[in-house]
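Take this structure first; my questions come after.
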Amino acid sequence: MNKQKYVDEYIHLYETGQIKFNKERMLLIEFVKRNILDNDEVYFDDELIEKCIAFGEKWYFSLTAFQKFLIAFVFLFWKKNGRVVFRKFLWMLGRGGGKNGLITVISKFLISELHGIEDYNISIVANSEEQAKTSVDEAYKCVKKHEVLQRAFKATLTKIVSKKTNSIFTFRTSNGGTKDGLRDGAVIFDEIHQYEDNKDVRVHISGLGKKPNPREFYIGTDGYVREGFLDKLKEKATKVLNGEARWNSLFPFICKLDDESEANNSDMWEKANPMLCEPRSDYAQGLFDTIYEEYEDLEEDPSNFEEFMTKRMNLPKIDLEKSVAAWEEIEATNREMPELQNQECIGCLDFASIRDFAACGLLFRDQEENYIFKTHSFVRKEFVDKHYAYSKTNSDNVKNQKKLAPIREWEEQGLLSVIDAPTIDPHTIVQWFVEMREHYVIKKIIADNFRMEILRPLFEEEGFEVEVIKNPRAIHSLLAPRIETAFANQKIIFGDNPIMRWYTNNVLVVIDRRGNKEYQKKEPVKRKTDGFQAFVHGMYRADDIQQGSDFYLDAISF
């Protein structure tokens, strides 16, 4: 039976209930007992483990139990040939868990004379140079701070060199096109959630094996790219833990919540971030306080929920494509419209297609910080006949179509106009705003660049100021926090407008790998979003609106 005090200590902390584990770490403990502790073909090099821990604690920081546990497996070897048992390591834990600090310690130790392998170069790779150089910069500052280390290492802003072993610790970006032929002893891939495939990874690890005991470290939190490199690595980790793959093909240390509901219990957060286990260091307590503040802020600003769950709790929502608001929040827009006569507003429209729907709108604000949206839609008869049975008599199929969008009912309520023509005439759109100008003060018209080469001259001919959003997708992520917070806090008023509620409920929020949000359609043809897109355009200039004050020409001193 293999004994290693830091491994035994970590297991003891869990088994005695002093720390909490998620199910992946529970499986890991059984995995370690089965394949390593009860395996007389492997051994822990306690001398290297102690040296590495002592090195880290002398020059960097006190190491926690989980960090010492991880270091132990870096120096696990086969008795028959002295080679490393694990070549690949996957470390996943919530943001702030100290993975970069730990990898700095291990990297600096591995290039040093304490490890003792000549030319054991280490590259740390990330998508951006700023992220990639984090550990190298930390190592550089440490060397510059201590004269003793300056005798052992030559440090620059781009690399750390051991004077005795000639080993180099440096950083690279993940563009692998020019990285063939590297002779690294170890490669570290940081923020692995951003990798869409393993193309760049293959290039960077192609030079491994030319030095003894090659190692690959994959570190980071989870992210927004699905079915990419990280998801495949997690699948492999699951197979390893369940005994469905070669046991030493990967050492997976995965910390995350087991269920989304655990985010509401701060006692469970250590499942995602082992740095938060009691007793906490000053750093860990500060980290806990920061995370708790972020959690409390979600009540007022729910737009950060995905970021909080993904980065802090290491548990991304499986379906990152969702509605812009809960139905209860959309229903809450059905409030009585305040008196808007002579109020200042932003005109806005969505006119992406001249053959189906177009939506016009006026966005107001009041002194209670409500966003009030008055809207009217224009739809082509041929389109609504085909997709919503506008002109047909009742049948089961017709009832289903009308249930999807009761166009005639909305027409009778004055919420839309049906146009019996080959296209929606741009003059019809402009005329609506001309009529609205008789009752409200329209500061300007905001629209995206679709059809504006036709509409802009018509608006300007009528004396309207026009602003064109050249890249409408770019403003979605910018406005998402404001829009989602306004829905959550019931600060949006559509009046009794079922078509506007329909538009909004049809919106699909798509989140890209950088966490940027875009408002798309849940279904491309029948579930229209034109009115909501017009609302978004108005929100782009919502701060320009005077809030709840009448505007009269005779009040101005000329």
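The values are calculated or read from the model by the stated rules, or taken from the named source; none is laboratory data. Treat the numbers as computed from the prediction; the structure is a model and nothing was measured. Note that we place each Cβ from the backbone using ideal geometry, even for glycine, and neighbour counts take in every protein chain shown.
So Glu484 ticks every box in (1) modelled with pLDDT under 90; (2) in contact with a Pro (Cβ under 8 Å, 6 or more places away or on another chain); (3) not β-branched (Val, Ile, Thr) but one. Which box is left unticked?
With respect to (1) modelled with pLDDT under 90; (2) in contact with a Pro (Cβ under 8 Å, 6 or more places away or on another chain); (3) not β-branched (Val, Ile, Thr), Glu484 is out only on (1).
Right, next: List the residue pairs whose Cβ atoms are under 9 Å apart, where the first residue sits in the stretch 396-412 and is within 17 Å of Arg527 (Cα to Cα) and basic (Lys, Arg), the second is modelled with pLDDT of 75 or more and part of a helix (DSSP H, G or I), and the two are 6 or more positions apart or on different chains.
Every condition considered, the pairs that remain are Lys402/Tyr388; Lys402/Arg408; Lys402/Glu409; Arg408/Val384; Arg408/Tyr388.
Considering Leu90, Leu37, Leu48, which residue is closer than 30 Å to Lys144 by Cα and in the same structural domain as Ile124 (by TED's automatic domain parsing)?
Leu48
Then there is this: Hey, can you tell me all the residues within the stretch 232-266 that are aromatic (Phe, Trp, Tyr) and not in a loop (DSSP other than H, G, I, E, B)?
Phe251, Phe253
Now a separate question. Test Arg380 against the stated conditions and say whether it is closer than 26 Å to Leu363 by Cβ and crowded, with 20+ Cβ neighbours inside 10 Å. Write out each step before concluding.
Details: closer than 26 Å to Leu363 by Cβ: yes; crowded, with 20+ Cβ neighbours inside 10 Å: yes.
Taking the combined requirement at face value, the residue satisfies it.
Looking at (1) out of contact with any helix residue (DSSP H, G or I) (no Cβ under 6 Å at 6 or more places or on another chain); (2) modelled with pLDDT of 90 or more, find the lone condition where Glu227 falls short.
(2)
Among the residues of the stretch 444-462, write down those that are in contact with a helix residue (DSSP H, G or I) (Cβ under 9 Å, 6 or more places away or on another chain) and either of a type in the set (Asp, Glu) or surrounded by fewer than 19 Cβ atoms within 10 Å (Cβ to Cβ) (or both).
Passing the criteria: Lys444, Asp448, Asn449, Phe450, Ile454, Leu458, Glu461, Glu462.
Considering the stretch 468-515 alone, what residues qualify as being among the hydroxyl-bearing types (Ser, Thr, Tyr) and under 25 Å from Glu409 (Cβ atoms)?
The answer is Tyr503, Thr504.
Moving to a separate point now. Of the residues Leu13, Leu70, Leu28, only one is out of contact with any Phe, Trp or Tyr (no Cβ under 8 Å at 6 or more places or on another chain) and within 22 Å of Cys255 (Cα to Cα); which? So that I can check it myself, show each step before the final result.
Working: Leu70 fails: out of contact with any Phe, Trp or Tyr (no Cβ under 8 Å at 6 or more places or on another chain); Leu28 fails: out of contact with any Phe, Trp or Tyr (no Cβ under 8 Å at 6 or more places or on another chain).
Only one candidate passes the filter, namely Leu13.
Per-residue answers, yes or no, for (1) within 41 Å of the chain's Cα centre (by Cα); (2) surrounded by fewer than 16 Cβ atoms within 10 Å (Cβ to Cβ):
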{"position": "Gly347", "(1), (2)": "yes, no"}
{"position": "Arg355", "(1), (2)": "yes, yes"}
{"position": "Leu362", "(1), (2)": "yes, no"}
{"position": "Tyr390", "(1), (2)": "no, no"}
{"position": "Leu415", "(1), (2)": "yes, no"}
{"position": "Ile424", "(1), (2)": "yes, no"}
{"position": "Val430", "(1), (2)": "yes, no"}
